[in-house]
C-alpha cells in the first residue's frame, strides 16, 4: 500500500530537467530547485513600482542601478571586441543598455520578467537598436537558442533568481563558443545596516526575528558557481556603493520604488509600527553618520566569464616560465 | 511639479516617519543608545522602559492609540 502511494506520487509529478543538480546534503524539495524568492510577487512589485505616480518615483531611484551600470560599462570597454548583438538579461528599463554605443554593438536584446519595467523608457533614449522580450530570466533557454549569442550581460537582476547555478548554466549554453558573460549582482553585505536594525528591533519588541532582507550570494561563492557552470578565464571583483539617506524611512521608500521590496517566500506581510519606529531609532544610533543621516551599503559583485573554445588563450604549462619571479618582485 | 505633489501626500506611515525622527527624536535617541549598549545580547524587552517613553510620545504625536 505504502509503495503504491509512493509510485503514484512520483507519477503525478511531471519529470523536468533541473539545470542545477542538488547537493547531497540538502533534503530534496518537491519543486526541483529550492524556492527562496516568490518570483510572482517580485514581478508584481516591480510592475507596481513603475506604474506608481506614472513612473516618477521609479525614475528618481535609478541612482544605484545607473551607478553600477556605469561601472559595469568600464569593464565592457576593457574588452576589445565589437559585438553584433548583446543580450541584457534582467535589463529593467535598460540602465546598462542605454550606455551602449554603436562602436560596441549593433543591437541590444533586453529580457525582463516585468513588462512595465521593460517598457518604461522610450527607444529614443538608446543609441543602438533595441529589441525587448518579456520573459522569465529563470527560463532563458526558452527564448534563446543554444549556441546563439556572442555576449550576455546582466546588471543587478540575478539576486532575485532562485536557481542561480541553473541560470548561469543556461547563460553558458545560450552563448556561442568564446562568448562573453558579464554580470553585476548584489552581494552578501548589501543593506547589512537595515538587516541588523530590523533584527534588533524585532528581538527587543517582539522577541523573535523574521526574514526582511534576502539572503544574498557570498562573493567567494561566485567564482565557484561560474566555474561549475563551465565558464573559463574568470574575473570576479567586488565594489561598494554607499548611499546616504535622511533616515530609514526614505531608504524604505526608495527600495519600494526600485521594486526591491521583500519577496522572500514565507515573509511576514506585516511589520508593526512599534517595530518600525524602533528599527529607525536603532539604525540611526548603530550606523548613523555624524551629521544625523544614515548610510546604506550596496555591495556589488562583478563577474566576467567566457564560454570555452579551443583557440582561447590558456595558462602556460607549469614550469615553462623564462623569468624568475624573484627578479621581478 | 509632480514630485512635489507626491511627496507631500500625508499617509499614516509618513506621519510615523516624521514623528519618530523629529517630534520624538530625543526619546528615539535614548532608546537607540540603550539598544547600542546591549546589542550583543538583546532579548525581548531589553529596553522596555526606554521604548515605552518613545512609544508614548509617538502615540501622542500621532493622536491615536495602537
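The values are calculated or read from the model by the stated rules, or taken from the named source; none is laboratory data. Worth saying up front: this structure is predicted, and the values here are computed from it rather than measured. Cβ sites come from the backbone with ideal geometry, for glycine too, and all protein chains shown count toward neighbours.
Observations, loosely collected:
- Selection status of residue B:46, assigned to a loop (DSSP other than H, G, I, E, B), surrounded by 16 or more Cβ atoms within 10 Å (Cβ to Cβ), out of contact with any strand residue (DSSP E or B) (no Cβ under 8 Å at 6 or more places or on another chain) and within 9 Å of another protein chain (Cβ to nearest Cβ): yes
- The residues in segment A:130-147 that are in contact (Cβ under 8 Å) with a residue 60 or more places away in the chain and in a helix (DSSP H, G or I) can be counted, and the count is 1.
- Residue that is farthest from the other protein chains (Cβ to nearest Cβ), among those in segment A:35-47 that are assigned to a helix (DSSP H, G or I) and in contact (Cβ under 8 Å) with a residue 12 or more places away in the chain: A:39
Table: residues versus (1) under 26 Å from residue A:120 (Cα atoms); (2) modelled with pLDDT of 95 or more.
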position: A:10; (1), (2): no, no
position: A:36; (1), (2): no, no
position: A:54; (1), (2): yes, no
position: A:66; (1), (2): yes, yes
position: A:76; (1), (2): yes, yes
position: A:95; (1), (2): yes, yes
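- Qualifying positions in segment A:194-227 - outside any helix (DSSP H, G or I), closer than 21 Å to residue A:251 by Cβ and free of Cβ contacts under 8 Å to residues at least 12 places away in the same chain: A:209
- Hey, residue A:200 crowded, with 21+ Cβ neighbours inside 10 Å and away from every other protein chain (no Cβ under 14 Å) or not: no
- Test: residue in segment A:270-288 that is part of a loop (DSSP other than H, G, I, E, B) and away from chain B (no Cβ under 14 Å): no
- Residue satisfying all of: in segment B:51-66; within 9 Å of another protein chain (Cβ to nearest Cβ) and at pLDDT 95 or above; surrounded by the fewest Cβ atoms within 10 Å (Cβ to Cβ) among these: B:55
Conditions tested, residue by residue: (1) outside any helix (DSSP H, G or I); (2) buried (at least 21 other Cβ atoms within 10 Å of the Cβ); (3) more than 14 Å from chain B (Cβ to nearest Cβ); (4) modelled with pLDDT of 95 or more.
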| site | (1), (2), (3), (4) |
| --- | --- |
| A:268 | yes, no, yes, no |
| A:292 | yes, no, no, no |
| A:299 | yes, no, yes, yes |
| A:311 | yes, no, yes, no |
| A:319 | yes, no, yes, no |
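- The condition (being free of Cβ contacts under 8 Å to residues at least 40 places away in the same chain and more than 15 Å from the chain's Cα centre (by Cα)) is satisfied by just one residue among A:150, A:115, A:127: A:127.
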